[in-house]
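Single-structure report; data block below.
The values are calculated or read from the model by the stated rules, or taken from the named source; none is laboratory data. Since the model is a prediction, treat every value here as computed from it, not as a measurement. Cβ coordinates were reconstructed from backbone atoms using ideal geometry, including for glycine residues, and neighbour counts include every protein chain displayed.
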Amino acid sequence: MQQTVDLVIHGGKVVSDQAVIEASIAIRGQTIVAIGSDDAMPPATERFDATGLHILPGAIDSHVHFRDPGYAHKEDWGTGSAAAACGGVTTVFDMPNTNPPTGTLDALALKLKNAAISHVDYGIHALLDEDNIDQLEALIDAGATSFKCFMGNTFGNLPAPSDGAILEGFEILARRGIRCTVHAENPSIMARRQARMETAGRADRHAHLAARPEVCEIEAIGRAIAFAEWTGARLHIAHHSAADSLYLLRDAKRRGVDVTAETCPQYLLLNTHDMTRLGSVLRVNPPIRDERHNAPLWDALVEGVLDMIATDHAPHAPDEKTRERIWNCDCGFPGVETQMPLMLTEISKGRATIMDYVRWSAVNPAKAWGLYGTKGVIAPGAHADFAMVDLAREAVIANEKLHSRSKLTPWNARPVKGVPIHTMVRGRFVMRDRELIATTRGWGQSVKPIQAMPAPRPRNTDKTMGAIVTAGGPHV
Ligand code: NCD
Ligand code: ZN
């Protein structure tokens, strides 16, 4: 007699990056224990009918700003994670440009404390900055899953660390096998161009793009890759926006550099025509570029040069987004709830397969952050994290329906086809029939890289800061 399980989900189509199969899923507690034909399932306390739905591994969003602590009028962990749950997102990685920034042990402890109300699971990107290089290891030991380095100025005005500090930080992270995300834009080019335009009186919507041309991204990605390759550090490029910098990723991957990259729906689907239409609502860093970038970014995803879809969910209050001069409008907009319908709409148009989508939304992020096996896959032993989607369901994105505290999105009024209907995190519905399950507040927990990360490959270890200050190396 087989042991009873808590739940069997039957009737759905289970999607991996390899296949779509009709199968039932048996869950005990928080974990999947079996997948197969329904008559092979163990007896269950509850059965759930998913007929007509595709069951995807829950999306993992590598880039959200839940603003808490410090900017709770924009978002907090309750509203941000509710938006995630209602977007089919079961794990988020939160960015460190909060107040205080997540660059000290105290700030990390505060972030983890505030995150405890989350509906979905979460990782915390700690800050790598000029002054905390000697704290990086302690931050890892205290639960930081990864780091973020702001190479260019963006919301929060965290100054870019010097190249010396970035390189030294990468040396340490290489030894620990921890991946560092970079916001890759060159700050001095941007500052100079913006200052010149401000002096000349330009403050229109297109001035933002003019201040941050593609070369800013090309230069910063090139520099970050050089440091990662030299040290053997794992690198992640946030919100890749330009066709012109893809060659750097392609070449670095070919050379064996462990670099992953995300792009966002806004860089795939929007361009300067939308900036003309929407103005400051669409102000974001890096900027929305002209139309010639859209198709190459999509092709790079299909090809695997870009690894994943993240959202850069960056909520702000309405008055902060709509000031007169473009320079005074905060950058970013919410996205964690709209990513899945937007991307599924493109899948339904035939631009890629649902298996490709699972690779971008779940498999590759899980691999990048050391979670694959527990997350990113529907298999025995993995967490029961699912987005159950209706690929035929049509809807229209509406600002007022968003669960984010920020109700201002460039996607307002956009029709979509393909929406998440139920979201499950470790065996519990956090959204059911399109409704948030309010009692799951606090169900989310911090992720731990469960699988030993593949052995890191530190390079030039005789030339690191550690080696030269203590051992007189390298040429003694
Ligand atoms: C982000 C924010 O508001 O925190 N803004 C943005 O324009 N992307 C910061 C960031 O990710 O650069
Ligand atoms: Zn950024």
| request: Search region 149-175 for residues that are basic (Lys, Arg) and pair each with any residue that is more than 14 Å from ligand 2 (Cβ to nearest atom) when their beta-carbon atoms are under 6 Å apart and the residues are at least 6 apart or on different chains. | output: ARG175/PRO458
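State yes or no: is ALA160 within 14 Å of ligand 2 (Cβ to nearest atom), among the small types (Gly, Ala, Ser), farther than 25 Å from VAL336 by Cβ and modelled with pLDDT of 95 or more?
Criteria met by ALA160.
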| query | Taking strands (runs of 3 or more DSSP E) that fall entirely within region 3-62, which contain at least 1 residues that are within 19 Å of PHE429 (Cβ to Cβ) and of a type outside the set (Asp, Glu)? | reply | 5-10, 13-15, 24-28, 31-36, 44-49, 54-57
| Can you find even one residue in region 113-126 that is in contact with a His (Cβ under 9 Å, 6 or more places away or on another chain), part of a strand (DSSP E or B) and either among the β-branched types (Val, Ile, Thr) or modelled with pLDDT of 95 or more (or both)? | yes
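Would you confirm whether or not region 300-322 contains a residue that is among the polar types (S, T, N, Q), within 13 Å of ligand 1 (Cβ to nearest atom) and either over 22 Å from MET95 (Cβ atoms) or touching a strand residue (DSSP E or B) at 6+ places or on another chain (Cβ under 7 Å) (or both)?
Yes - at least one qualifying residue is present in region 300-322.
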| task | Tell me which of these SER188 doesn't satisfy, since it passes every other one: (1) more than 15 Å from ligand 2 (Cβ to nearest atom); (2) touching a residue at least 24 places away in the same chain (Cβ under 8 Å); (3) of a type outside the set (A, V, I, L, M, F, W, C). | result | (2)
| task | Give region 333-351 a look and list any residue that's surrounded by 23 or more Cβ atoms within 10 Å (Cβ to Cβ) and in a loop (DSSP other than H, G, I, E, B), or say none. | result | PRO334, GLY335, VAL336, GLU337, THR338
| query | Of everything in region 161-196 that's within 21 Å of the chain's Cα centre (by Cα) and within 14 Å of ARG223 (Cβ to Cβ), which residue is nearest to ligand 1 (Cβ to nearest atom)? | reply | HIS183
| task | Identify all residues within region 113-131 that are surrounded by 22 or more Cβ atoms within 10 Å (Cβ to Cβ) and farther than 26 Å from ALA84 by Cβ; write none if there are none. | result | ASP129
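Would it be correct to say that ALA174 is surrounded by 20 or more Cβ atoms within 10 Å (Cβ to Cβ) and over 30 Å from ILE60 (Cα atoms)? Before you say what the answer is, go through the steps one by one.
Numbers: surrounded by 20 or more Cβ atoms within 10 Å (Cβ to Cβ): yes; over 30 Å from ILE60 (Cα atoms): no.
When the stated conditions are applied, ALA174 does not pass them.
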| message | Looking only at region 141-160, how many residues end up being away from ligand 1 (no atom under 16 Å from the Cβ) and crowded, with 24+ Cβ neighbours inside 10 Å? | response | 1
| message | With the requirement that a residue be touching a strand residue (DSSP E or B) at 6+ places or on another chain (Cβ under 6 Å) and either without any contact (Cβ under 8 Å) to a residue 12 or more places away in the chain or closer than 25 Å to GLY350 by Cβ (or both), what does region 411-425 give you? | response | PRO415, VAL416, LYS417, GLY418, VAL419, PRO420, ILE421
| query | Only one of (1) under 28 Å from THR311 (Cβ atoms); (2) surrounded by fewer than 16 Cβ atoms within 10 Å (Cβ to Cβ) fails for GLU198. Which number is that? | reply | (1)
| query | Within region 290-315, which residues are within 16 Å of ligand 2 (Cβ to nearest atom), touching a Ser or Thr at 6+ places or on another chain (Cβ under 6 Å) and either under 30 Å from ARG196 (Cα atoms) or among the hydroxyl-bearing types (Ser, Thr, Tyr) (or both)? | reply | PRO315
| query | Among GLY370, GLY279, GLY332, GLY381, which is the only one that is within 16 Å of ligand 2 (Cβ to nearest atom) and not aromatic (Phe, Trp, Tyr)? | reply | GLY332
| Would it be correct to say that PRO101 is of a type outside the set (Asp, Glu), within 28 Å of MET151 (Cβ to Cβ), more than 16 Å from ligand 2 (Cβ to nearest atom) and under 23 Å from the mean Cα position of the chain (by Cα)? | no
| said: So in region 225-241, with the set limited to residues that are more than 13 Å from ligand 2 (Cβ to nearest atom) and crowded, with 24+ Cβ neighbours inside 10 Å, which one is farthest from HIS293 (Cα to Cα)? | reply: THR231
| field | Candidate set: region 270-295, residues that are within 30 Å of ARG254 (Cα to Cα) and surrounded by fewer than 16 Cβ atoms within 10 Å (Cβ to Cβ); chosen: the one nearest to ligand 1 (Cβ to nearest atom) | value | ASP290
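Residue-wise test of (1) β-branched (Val, Ile, Thr); (2) modelled with pLDDT of 95 or more; (3) touching an Asp or Glu at 6+ places or on another chain (Cβ under 7 Å).
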residue	(1), (2), (3)
ARG192	no, yes, no
ALA203	no, yes, no
ALA224	no, yes, no
THR260	yes, yes, yes
THR263	yes, yes, no
ILE288	yes, yes, yes
GLY304	no, yes, no
| query | Hey, GLY70 hits all of (1) in a strand (DSSP E or B); (2) at positive phi but one; which does it fall short on? | reply | (1)
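Residues that are on the phi < 0 side of the Ramachandran plot and among the β-branched types (Val, Ile, Thr), at least 2 per element: which helices (runs of 4 or more DSSP H) completely within region 150-237 meet that?
Values: elements: 163-176, 187-199, 207-211, 214-231.
Where helices (runs of 4 or more DSSP H) fall fully within region 150-237 and carry at least 2 residues being on the phi < 0 side of the Ramachandran plot and among the β-branched types (Val, Ile, Thr), they are 163-176, 187-199, 214-231.
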